[in-house]
Amino acid sequence: MRLTLIRTGTLSICILMWLVFCQSALAQSIHPYRTPQAIELTTRLRADSSTSDTKLKLPLLDWIQTMHLRDQITVWLDRRIPNDIELDLSIPKEQSNQQVLELVASHIQSEIAYVDRYVALVPKGTAAAIQWAYWSLSSDPSHPSLRIAKKEGIQWSHGGQPQEIWKDFSKQFQLDALAKTTGLMEPPDRWRAGQFESTNGAAIATLLLAGFDQYLIWPSNGPPSIGNFSSDDPRLIGNPGGEFVGYRYTTEIQRIGKDHWQTWKSKWPKVSVTRVPASGPGKPDAWDILAPVDAHRELVEPLAPRTLPKSQPKTNNATSSNQPQGKTYTGRYRGEILNILQSLSKQLNLVLTPVEISNSLARQEVDVNFKDATLEELLDQLSQASGLKITLEGTSLVVEQADR
């Protein structure tokens with residue numbers, strides 16, 4: 001259940017249309033900011049930042065890599081943002097990860113768009129448009145296939161062309177109709193190595209197209225097409241009231257708490273909230289809320305857990321390093337060393353701990369074959385192939401430059 005483009009000048013008429021629409025709505029898709037991936041991101045964003053009371057003085061891409069490895073927050077850098085920026089800013093005391101991200105975004109003259117599990121650094125004035133595009137694509141009545149999250153996602157090597165990445169995305173998510181869309185991603189471009197994983201098709205399509213001022217339109221009862229953001233569109237001038245979308249909330253309103261509810265309504269005075277009586281015994285009342293996408297995202301923030309559950313390492317037949325005695329490994333690792341180490345750490349229930357490694361080192365390609373190798377031997381092979389020092393320290397997989 002969703003209402004898309006609504007201009008503030010016609011808000012009263014649209015609210016009436018929205019209420020009529022709600023009376024006939026029986027079901028709706030999951031809230032775009034209540035997917036498991038988005039919930040985890042919200043929890044990680046509110047965590048205390050380890051860079052509080054420090055000075056960030058490093059390349060932007062290295063900082064993005066550090067956020068990914070250390071804080072497990074994935075930052076997507078829009079193609080319109082220069083990637084050769086050198087960060088040089090002081091972080092105040094007692095900052096959350098989200099506050100640090102906002103400081104960095106301001107420092108590089110950009111802003112943040114939240115798209116499922118991704119924090120996108122985008123040009124100023126475009127975040128509202130990108131979040132609207134994602135909401136529209138991940139909600140009814142858009143094509144339901146776009147809401148399916150896949151762990152494996154897609155990845156591409158340095159120099160990949162966006163059009164080819166789009167084709168791979170269409171194939172991987174079995175969205176054949178997307179491969180036939182025309183007029184997208186112009187002019188031709190080449191991208192540095194990257195990937196999308198553990199997210200839905202709506203998020204990938206939104207972020208791939210956003211850098212070209214485009215967005216995907218795909219109704220459930222029709223073919224996909226490409227829309228273009230106009231420079232005079234209210235979504236592109238940072239106007240949070242320029243566009244409203246609707247959602248029917250049920251138990252969420254009671255769970256967020258009275259204080260947050262009142263604070264939220266004070267911040268967003270132009271939103272429309274209509275209470276809908278329970279449809280039957282034992283069923284809760286509902287609230288039909290018409291608001292900007294960012295307001296919907298902020299409304300459900302308190303529903304995310306304060307902390308994430310900690311993984312418990314396996315202890316059966318374990319040595320002091322929590323790895324099974326006599327365990328050997330056979331196989332082949334091929335790809336970016338970062339992706340390989342992430343996969344290995346998850347497989348072995350280890351905490352991946354990078355120590356100031358550069359983006360170029362983390363992104364380099366390796367090809368390692370191993371047979372009947374102990375974990376220490378495997379890590380030694382990966383170290384030799386990558387030029388990194390990769391060691392096992394307790395339950396941590398520590399990665400640092402070899403010459404440290």
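The values are calculated or read from the model by the stated rules, or taken from the named source; none is laboratory data. Everything numeric in this text was worked out from a predicted model, so none of it was measured. We place every Cβ from the backbone using ideal geometry, glycine too, and count neighbours over all the protein chains shown.
Counted as qualifying within the stretch 71-173 are the helices (runs of 4 or more DSSP H) with 3 or more residues that are surrounded by fewer than 22 Cβ atoms within 10 Å (Cβ to Cβ), free of Cβ contacts under 8 Å to residues at least 40 places away in the same chain and of a type outside the set (A, V, I, L, M), namely 97-107, 162-172. Give the stretch 241-288 a look and list any residue that's assigned to a loop (DSSP other than H, G, I, E, B) and either among the charged types (D, E, K, R) or assigned by TED's automatic domain parsing to the domain that holds W135 (or both), or say none. Within the stretch 241-288, E243, K270, K283, D285 qualify. Taken over the stretch 52-67, residues that are surrounded by fewer than 19 Cβ atoms within 10 Å (Cβ to Cβ) and either of a type in the set (V, I, T) or without any contact (Cβ under 8 Å) to a residue 12 or more places away in the chain (or both) amount to 1. If you check T199, T206, T181 for being under 26 Å from S360 (Cβ atoms) and surrounded by 15 or more Cβ atoms within 10 Å (Cβ to Cβ), only one passes: T199. You will find that of T353, T391, T395, the residue that is modelled with pLDDT of 85 or more, on the phi < 0 side of the Ramachandran plot, surrounded by fewer than 19 Cβ atoms within 10 Å (Cβ to Cβ) and among the hydroxyl-bearing types (S, T, Y) is T391 and no other.
Consider the stretch 271-285 and keep the residues that are of a type in the set (A, V, I, L, M, F, W, C) and more than 18 Å from G257 (Cβ to Cβ). The one that is modelled with the highest pLDDT is V276. Screening D288 against (1) at pLDDT below 90; (2) more than 24 Å from the chain's Cα centre (by Cα) leaves a single unmet condition, (1).
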